[in-house]
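Below: the structure, in structure tokens.
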Amino acid sequence: MNYLVANWKSNKTLAEVKIWFESLNLTRVDPEQIQLIVCPPAPFLLDVADSIHRQKLPIKLGIQDISPFPFGAYTGAITAGMVAEWVDFAIVGHSERRRYFSESNQDVDKKISEALKENITPIVCIDEPYLQSQLQTIEKSNHTKIMVAYEPVSAIGSGNPDTPKHADQIGERVKKILDNRTPVLYGGSVNQENLGYYLNQTHINGALIGGASLDPQEFSMLVNSISK
Ligand code: PGA
């Protein structure tokens, strides 16, 4: 199984979300082989869930971040319990969250626990220089319940992706530290041209796609290119 996660980040208006779904043109997705996950900005989760349902699309819904806290007096925070009805995945610890919102490994750990309590699978983002420390705080009992996304900061949004071979080596290290069954995704300037090379690697089980997921035609072509 390969996981393709579209991360729209802080982009799109509601009108643009609607156009994205109207223009999406997935021709050959085998849900046994490819799991598509779309992570829109939180205000659009319900609209996206509705579009997926109405168009009977083979897409699961993800959220780009989740509160490290349960329900309670935490102004502005979106808890796992609020979205669990629609959401199956949550990106946690994205390097942009760590950098611009000062999130620590401890925060990421709490988010993992909160997501798992609601049966939401955390997609935990890590980078090579901190790989050991970012992984070692994750509770052992959660190692097979999460997915990991290896995202080199220099590759994100830069058009300068890591090599598939090196990504594979990182995938192997992650699986050694966590569990061989833990899916490892690669993220950072993935596009239609290079996606297949990453998916062909032994220790890579999918991709986290930012820029190339924003345009519905581009994203459709990317998905169709690897669908058999
Ligand atoms: P990118 O972003 O595909 O635009 O490089 C990936 C990510 O940050 O998830």
Restricting region 77-101 to residues that are assigned to a helix (DSSP H, G or I) and among the aliphatic types (A, V, I, L, M), the one nearest to Ile146 (Cα to Cα) turns out to be Ala80
Of (1) surrounded by 17 or more Cβ atoms within 10 Å (Cβ to Cβ); (2) in contact with a helix residue (DSSP H, G or I) (Cβ under 6 Å, 6 or more places away or on another chain), Val108 satisfies every one except (2)
Being within 16 Å of the ligand (Cβ to nearest atom) and under 14 Å from the mean Cα position of the chain (by Cα) narrows Glu96, Glu103 down to just Glu96
Per the filter on region 187-228, residues over 14 Å from Leu26 (Cα atoms) and small (Gly, Ala, Ser) are Gly187, Gly188, Ser189, Gly196, Gly206, Ala207, Gly210, Gly211, Ala212
Taking region 1-34 and the residues there that are closer than 14 Å to Ser220 by Cα and within 16 Å of the chain's Cα centre (by Cα), the one that is surrounded by the fewest Cβ atoms within 10 Å (Cβ to Cβ) would be Ile34
Those residues of region 174-219 which are away from the ligand (no atom under 16 Å from the Cβ) and open to solvent by less than 10 Å² (accessible area, probe 1.4 Å) amount to Val174, Thr182
Residues in region 115-145 that are within 16 Å of the ligand (Cβ to nearest atom), surrounded by fewer than 22 Cβ atoms within 10 Å (Cβ to Cβ) and aliphatic (A, V, I, L, M) total 0
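The values are calculated or read from the model by the stated rules, or taken from the named source; none is laboratory data. Being a predicted model, the structure only gives us computed values, none of them experimental. All Cβ positions, even for glycine, are placed from backbone atoms using ideal geometry, and neighbour counts span all protein chains on display. The accessibility values were calculated without ligands, DNA or RNA, using every heavy atom of the protein model including side chains. Shrake-Rupley method; radii C 1.70, N 1.55, O 1.52, S 1.80 Å.
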